[in-house]
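These notes concern the structure reproduced below.
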Amino acid sequence: ETGVTQTPRHLVMGMTNKKSLKCEQHLGHNAMYWYKQSAKKPLELMFVYNFKEQTENNSVPSRFSPECPNSSHLFLHLHTLQPEDSALYLCASSQDNYGYTFGSGTRLTVV
Amino acid sequence: KQEVTQIPAALSVPEGENLVLNCSFTDSAIYNLQWFRQDPGKGLTSLLLIQSSQREQTSGRLNASLDKSSGRSTLYIAASQPGDSATYLCAVRRSGYALNFGKGTSLLVTP
């Protein structure tokens, strides 16, 4: 399989649940990202990992917890989310100064 | 902070027309600029990547130009087709790894 793969595609969770989003890239890229896309707003950067090290945390609430065990895998652990956290969560990867490749996203609904 | 603006926000054209989408950014110190396409509820598909040293890139019916000094990029779509209907996003990369996105142009091509 090639490209960036995200699972699950859809997720519905209650505010007291704990869940995780998974992202895997098969491109040999060194950097991976989480972005949030809400209605009527530009994509918002959440986290950046470069060679497994977190290099940016864009003031994201602690109820979102990223994990990058190696350069190919990225997780976003979710706990005690709010309804306003409902959005499309997109994972991406890149190599140095070249372009980004995005996954298909996880549509998250918090009820 | 880099601000990215896309005009128009929405566009409807009959099939066969040539069209231009506009993107402007406030900080000209960029590494590259990337155009993406997003279908409803889906992830982003990369269309064209222009490095800061380049003036334009072409792929099939698509041509993107970059004028870094004036902070502008255009995406030209020739002979539009209904399958081109989607949201087109412009993203600018400055120092570091983060991309700054515009809100996008929603394109509808009618048969």
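The table below lists the values:
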{"quantity": "19 Å reach of a label modelled at A:ASN70, 7 Å along Cα-to-Cβ, counting backbone N of the stretch A:44-63", "calculated": "A:49-54"}
{"quantity": "Sequence of A:ARG63, B:ARG55 once ranked by neighbouring C-beta atoms within 10 Å, starting from the fewest", "calculated": "B:ARG55, A:ARG63"}
{"quantity": "Order of A:THR7, B:THR5 - criterion: other Cβ atoms within 10 Å of each residue's Cβ, fewest first", "calculated": "A:THR7, B:THR5"}
{"quantity": "Linear extension gain, A:LYS41 paired with A:GLU56, 0.36 nm per residue minus alpha-carbon span", "calculated": "3.4 nm"}
{"quantity": "Under 20 Å from B:LYS42, Cα to Cα: lysines that are on another chain or at least 8 residues apart", "calculated": "A:LYS22, A:LYS36, A:LYS40, A:LYS41, B:LYS103"}
{"quantity": "Estimated distance in nm for a label pair at A:HIS26 and B:GLU56, the labels positioned 7 Å out from Cα along Cα-to-Cβ", "calculated": "3.6 nm"}
{"quantity": "Among B:LEU99, B:LEU48, B:LEU21: highest mean-square fluctuation, GNM of chain B, C-alpha pairs under 10 Å", "calculated": "B:LEU99"}
{"quantity": "Cβ-isolated cysteines (cut-off 4.7 Å), chain A", "calculated": "A:CYS68"}
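Read-outs throughout are calculated quantities, based only on the coordinates presented, and are distinct from any laboratory measurement. Values in this document were obtained by computation on a predicted structure and should not be read as measured data. All Cβ positions, even for glycine, are placed from backbone atoms using ideal geometry, and neighbour counts span all protein chains on display.
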